[in-house]
1. Do we find a residue being at pLDDT below 95, surrounded by fewer than 12 Cβ atoms within 10 Å (Cβ to Cβ) and of a type in the set (Lys, Arg) anywhere in region 59-67?
2. Can you report the number of residues in region 35-55 which are exposed (fewer than 14 other Cβ atoms within 10 Å of the Cβ) and assigned to a helix (DSSP H, G or I)?
3. So residue 24 passes all but one of these: (1) open to solvent by 50 Å² or more (accessible area, probe 1.4 Å); (2) on the phi > 0 side of the Ramachandran plot. Which condition number does it fail?
4. State which residue pairs qualify: first residue open to solvent by less than 70 Å² (accessible area, probe 1.4 Å) and inside region 71-93, second residue part of a helix (DSSP H, G or I) in any location, beta carbons under 9 Å apart, and separation of 6 or more residues or different chains.
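The values are calculated or read from the model by the stated rules, or taken from the named source; none is laboratory data. What you are looking at is a predicted structure, and each value in this text was computed from that prediction instead of being measured. Here the Cβ positions follow ideal geometry from the backbone for every residue, glycine too, while neighbour counts run over all protein chains shown. Heads up: the accessible areas ignore ligands, DNA and RNA and are worked out on the full protein's heavy atoms, side chains in. Shrake-Rupley method; radii C 1.70, N 1.55, O 1.52, S 1.80 Å.
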Amino acid sequence: MLALADEERHGYGIKREVEFRTGGIVKLGPGTLYGTLQKMLADEWIEECGERPDPEAADVRRRYYRLTRIGRRLAAAEASRLENLVRVARSKDLLANRGTTS
């Protein structure tokens, strides 16, 4: 969902964004990627875009996706939950307190 937070992307664009943002640690195979996209579509967390960013350059077979309002709220709630979890982990000296002085 984070790969769709800032712009619409097609499946391969989502795959590349995830790999880039994770430093190559997370690599989505086609089954995982498209299975997850289908589940998120069914749950109405994302939707398929009818228009293409650049119809002249875009491959007409590519499907572009974007977050729905529900999906954006869900992603924000999950990011907040993870932020709180990281705060607790730092308070227990499980993570470095980067950028702060103690």
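1. Looking for residues that are at pLDDT below 95, surrounded by fewer than 12 Cβ atoms within 10 Å (Cβ to Cβ) and of a type in the set (Lys, Arg), one finds at least one in region 59-67, hence yes.
2. As a first pass, look at region 35-55 and keep what is exposed (fewer than 14 other Cβ atoms within 10 Å of the Cβ): 35, 38-39, 42-44, 48, 50-51, 53-55.
Right, trim to assigned to a helix (DSSP H, G or I) and you get 35, 38-39, 42.
Result for region 35-55: 4.
3. (1)
4. Once the first residue is open to solvent by less than 70 Å² (accessible area, probe 1.4 Å) and sits in region 71-93, its partners that are part of a helix (DSSP H, G or I) give 71/4; 71/40; 75/2; 75/4; 79/2.
This table checks each residue for (1) closer than 18 Å to residue 68 by Cα; (2) under 11 Å from the mean Cα position of the chain (by Cα); (3) among the hydroxyl-bearing types (Ser, Thr, Tyr).
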residue: 1; (1), (2), (3): yes, yes, no
residue: 4; (1), (2), (3): yes, yes, no
residue: 11; (1), (2), (3): yes, no, no
residue: 21; (1), (2), (3): no, yes, no
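Conditions (1) at pLDDT below 95; (2) hydrophobic (A, V, I, L, M, F, W, C), marked per residue:
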residue	(1), (2)
4	no, yes
47	no, no
50	yes, no
56	yes, no
69	no, no
74	no, yes
85	no, yes
